[in-house]
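Structure first, then comments.
The values are calculated or read from the model by the stated rules, or taken from the named source; none is laboratory data. The shown structure was predicted, so the numbers you read here are calculated from the model rather than taken from an experiment. Positions of Cβ are generated from backbone atoms using ideal geometry, with glycine treated the same way; all protein chains shown enter the neighbour counts. Surface areas here come from the heavy atoms of the whole protein model, side chains and all, with no ligands, DNA or RNA. Shrake-Rupley method; radii C 1.70, N 1.55, O 1.52, S 1.80 Å.
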Amino acid sequence: MKSTGIIRKVDELGRIVLPIELRRTLDIAERDELEIYMDNDRIVLQKFEPSCIFCTSSYGLVSYHGKNVCHECAQNMAELC
């Protein structure tokens, strides 16, 4: 993991500001969704990219009961039936 040397304080509502340099580098725009999760003792922020729940592909996605499934996995499931 690369250290940027940038330090930000958490405000009274629990918010932090991502510096513009990081947002530009990571192509994060206003209103983009970020995924937040824990990795051991670290908080990880990652730009949210929808993907198939089975193969993690981000191409040809359809939503089925609130879950993303790619066309290929949907075809494979149809063949099982």
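Structure summary
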quantity	calculated
Matching entry among R31, R23, R8 (being without any contact (Cβ under 8 Å) to a residue 12 or more places away in the chain, more than 21 Å from the chain's Cα centre (by Cα) and open to solvent by 70 Å² or more (accessible area, probe 1.4 Å))	R8
Matching residues in region 65-81 - criterion: being surrounded by 12 or more Cβ atoms within 10 Å (Cβ to Cβ) and either among the small types (G, A, S) or not in a helix (DSSP H, G or I) (or both)	N68, V69, C70, A74
Every residue from region 34-55 that is open to solvent by 100 Å² or more (accessible area, probe 1.4 Å), among the β-branched types (V, I, T) and under 12 Å from the mean Cα position of the chain (by Cα)	I36
